[in-house]
Amino acid sequence: MLLEKTFVDTITYRPGSVILYPGVSDMLYRLQSGLVRVHTMDDDGNGLTLRYVKPGEFFGEEALAGFDRTYFAEAVTDSTVDVINPALLSPEDNLEVSTHLVRILGRAYESIYRLVGKRLKSRIASELLELGQTALATPTADGAIMIYATHDELAAAVGSVRETVTKVVGELAREGVISAGYGKITLKNPEALKVIAQQ
């Protein structure tokens, strides 16, 4: 657990609030609660989700090495964030952050593999399963998992465009694996989604 002396502040952000912009970075951040999306944009203004930050995870790690930030960090849900001074981290704190970085690197490798080696349907299935483990998910009365996410957000996460994602979501719905409504997707058969994610 990070020592209290490293904390600068604890801030709560509303959904859609931009926490970090590209530029100079000097603080490290840890999510207490909620969900944060780390994303970037290309020259045409198309967004690409790099990763989601879950409670207990860090972001803004480039401050540890004095590098400039190249991405945005945005609150997806109501999110409480600890602001941490990296200069005050103890050896134990640094080990905690290093362990986090190893996990994030592993997830980045998996994401690259999915983008390069998996078809879009598999990538969407993987993303839906991952979102089902975040603050965007809520159980329904019949025990299914409902995710609050738009087709645009899915497209940004899987490296595609909304129109193509909409077609694949429709295909998954026709197969009975999910059901889709405006801004929400219900995982009706997670086990089938896992099979599709591995294809």
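Please treat every number below as a calculation from the coordinates, not as lab data. Please read these numbers as outputs of a predicted model, since none were measured by experiment. Glycine also receives a Cβ, built like all others from the backbone with ideal geometry; neighbour counts cover every protein chain displayed.
In a Gaussian network model over the chain where Cα atoms closer than 10 Å are linked, find which of G23, G176, G45 has the largest mean-square fluctuation.
So, out of G23, G176, G45, the one fluctuating most is G45.
So which residue, out of L88, L136, L128, gets the largest mean-square fluctuation from a GNM of the chain using Cα contacts under 10 Å as springs?
L88
May I ask you to list the chymotrypsin sites (Phe, Trp or Tyr not before Pro) in the stretch 92-199 that are in a DSSP loop and have at most 10 other Cβ atoms within 10 Å of their Cβ?
On the way: sites: Y109, Y113, Y148, Y182; in loops: Y148, Y182.
Of the chymotrypsin sites (Phe, Trp or Tyr not before Pro), the ones in loops of the stretch 92-199 whose Cβ has at most 10 other Cβ atoms within 10 Å are Y182.
Pairs K121/K184; K118/K184; K118/K194; K54/K167: which are spaced more than 22 Å apart, C-alpha to C-alpha?
Working: K121/K184 18 Å; K118/K184 24 Å; K118/K194 13 Å; K54/K167 29 Å.
Beyond 22 Å: K118/K184; K54/K167.
Could you give the nm distance between label points at T164 and M27, where each point is 7 Å from its Cα heading toward the beta carbon?
In this crude spin-label approximation the distance works out to 3.8 nm.
Considering only M41, M146, M27, give the residue with the highest GNM mean-square fluctuation for the chain, with springs between Cα atoms whenever their separation is below 10 Å.
Per the Cα network of the chain with a 10 Å cutoff, M41 tops the list.
To the nearest 0.05, how large is the calculated FRET efficiency for S179 and V116 if R₀ is 35 Å and r is the Cβ-Cβ distance?
Taking R0 as 35 Å, the efficiency between S179 and V116 is 0.70.
What are the ³J(HN,Hα) values, in whole Hz, obtained from phi via the Karplus relation 6.51 cos²θ - 1.76 cosθ + 1.60 with θ = phi - 60°, for each residue of the stretch 73-80 in sequence order, with x given for Gly and Pro?
3J(HN,Hα) across the stretch 73-80, in whole Hz: 10, 10, 6, 8, 10, 3, 9, 10.
Show the residues, 5+ positions off or on another chain, whose built amide H is closer than 5 Å to the amide H of A149.
K184, I185
What does the extension gain come out to for E171 and H100, with contour length at 0.36 nm per residue minus their alpha carbon separation?
Working it through step by step, the gained length comes to 21.9 nm.
So if R0 is 22 Å, what FRET efficiency would T80 and T40 give, r being the distance between their Cβ atoms, rounded to the nearest 0.05?
0.35
Find, among the chymotrypsin sites (Phe, Trp or Tyr not before Pro) in the stretch 11-87, those assigned to loop by DSSP (not H, G, I, E, B) with at most 16 other beta-carbon atoms within 10 angstrom.
F67
For A192 and K54 in the same chain, what is the full-extension length gain: residue separation times 0.36 nm, less their Cα-Cα distance, in nm?
47.2 nm
Which FRET efficiency, nearest 0.05, do E92 and R14 yield, Cβ-Cβ r, R0 25 Å?
That pair, E92 with R14, gives E of 0.15.
Give the residue list of GluC sites (Glu not before Pro) in the stretch 26-81 that are DSSP loop and have at most 16 other beta-carbon atoms within 10 angstrom.
Sites meeting the loop and neighbour criteria: E57.
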